[in-house]
Amino acid sequence: MGLVYIKHIDKDVCLGLWEMDDSLDAARDCPPEAWQHIGKACAARQRETAAVYRLLRTMTGRDDIVIRHEPSGRPHVKGICLSISHTKGFACVIVSPTRNVAVDIEHNSDRVRRITSHFLRDDETATDVRSMLIHWCAKETIYKFCSEDRLTFKESRVTIDRTLSDNGTDCHGLLSCENLKTGEKVRMSFVCNSQFTMTYCMDEKA
């Protein structure tokens, strides 16, 4: 399928989603510097990297992008604040020229039930797979958003505030995720469908 969508979700913040397809070619889609690092990687890793670069070029119109990483592990591109995530079949990127942003996407699977004790706090409520995945994604997202704090899963607390739309399969809504190290509360959006769950956020100071 390739490009699923590019959405301007707020002032100077853009979210893109790419479905992995046969058109991806890591040797062609990745810059030489990136290809040197992944040329001997497995095919899945190469496709993920190719999808991210293809999506970034489509979103920004730039051909000079090379993704590097800060000491915290956060991806860095000169002149762009960005966050990247990929899961089975999909890659997503959120970008802004000025604002801190973060995104996470996870393939829907019942396997999340087996690891709830790893990431859910006693004061959080997640009773079904959908809400478990939302909590998981939100904690991954705040980890990226507050990268310098290096939060553990139990050092953030998720509260699902509102479900804005739900037809039984697809839903979207709002949640808050608190950084328990600093007390900062980060507002996030969540999107769920039959294939994946995604959460994203941005610095509210435009």
Where Pro31 falls short, out of the listed (1) closer than 15 Å to Ala91 by Cα; (2) touching a helix residue (DSSP H, G or I) at 6+ places or on another chain (Cβ under 9 Å): (1)
Quick check, is Thr49 assigned to a helix (DSSP H, G or I) and within 24 Å of Ser147 (Cα to Cα)? yes
Residues (of a type in the set (Asp, Glu) and modelled with pLDDT under 95) located in segment 129-151: Glu148, Asp149
Report, by residue number, each residue of segment 127-144 that is open to solvent by 20 Å² or more (accessible area, probe 1.4 Å) and of a type in the set (A, V, I, L, M, F, W, C). Val129, Trp136
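Taking the residues in segment 152-170 that are of a type outside the set (Val, Ile, Thr) and modelled with pLDDT under 95 as candidates, determine which candidate is nearest to Ser194 (Cα to Cα).
We begin by selecting, within segment 152-170, every residue of a type outside the set (Val, Ile, Thr); these are 153-157, 161-162, 164-168, 170.
Restricting the remaining residues to those that are modelled with pLDDT under 95 gives 161-162, 164-168, 170.
Values: Asp161: 22, Arg162: 20, Leu164: 17, Ser165: 15, Asp166: 12, Asn167: 11, Gly168: 10, Asp170: 7 Å.
Filtering segment 152-170 for residues that are of a type outside the set (Val, Ile, Thr) and modelled with pLDDT under 95, the one nearest to Ser194 (Cα to Cα) comes out as Asp170.
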So the check is Cβ under 6 Å with 6+ separation or different chains; which pairs have a first residue in segment 56-72 that's within 20 Å of Cys92 (Cβ to Cβ) and of a type in the set (Lys, Arg) and a second one that's modelled with pLDDT under 90 and open to solvent by 50 Å² or more (accessible area, probe 1.4 Å)? Arg68/His76
I'm checking my understanding of the structure. Among residues of segment 11-27 that are at pLDDT below 85 and loosely packed, with under 14 Cβ neighbours inside 10 Å, which one is nearest to Glu106 (Cα to Cα)? Asp21
Out of (1) part of a helix (DSSP H, G or I); (2) surrounded by 12 or more Cβ atoms within 10 Å (Cβ to Cβ); (3) among the aliphatic types (A, V, I, L, M); (4) out of contact with any Asp or Glu (no Cβ under 8 Å at 6 or more places or on another chain), what's the single condition that is false for Ala44? (2)
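Could you please find all residues in segment 177-191 being among the acidic types (Asp, Glu) and open to solvent by 40 Å² or more (accessible area, probe 1.4 Å)?
Start the filter on segment 177-191 by keeping residues that are among the acidic types (Asp, Glu), which leaves 178, 184.
If the condition is that a residue be among the acidic types (Asp, Glu) and open to solvent by 40 Å² or more (accessible area, probe 1.4 Å), then Glu184 is the only one that fits.
If you scan segment 192-206, which residues turn out to be open to solvent by less than 30 Å² (accessible area, probe 1.4 Å) and free of Cβ contacts under 8 Å to residues at least 60 places away in the same chain?
To start, the set of residues in segment 192-206 that are open to solvent by less than 30 Å² (accessible area, probe 1.4 Å) comprises 192, 196-199, 201.
Of everything in segment 192-206, nothing turns out to be open to solvent by less than 30 Å² (accessible area, probe 1.4 Å) and free of Cβ contacts under 8 Å to residues at least 60 places away in the same chain.
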Among the residues of segment 50-62, how many are buried (at least 23 other Cβ atoms within 10 Å of the Cβ) and of a type in the set (Val, Ile, Thr)? 1
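The values are calculated or read from the model by the stated rules, or taken from the named source; none is laboratory data. For clarity, every value in this text was computed on a predicted model and none was experimentally measured. Because the Cβ atoms are built from the backbone with ideal geometry, glycine has one as well, and the counts that use them run over all protein chains shown. The area values use the complete protein model at the heavy-atom level, side chains included, leaving out ligands, DNA and RNA. Shrake-Rupley method; radii C 1.70, N 1.55, O 1.52, S 1.80 Å.
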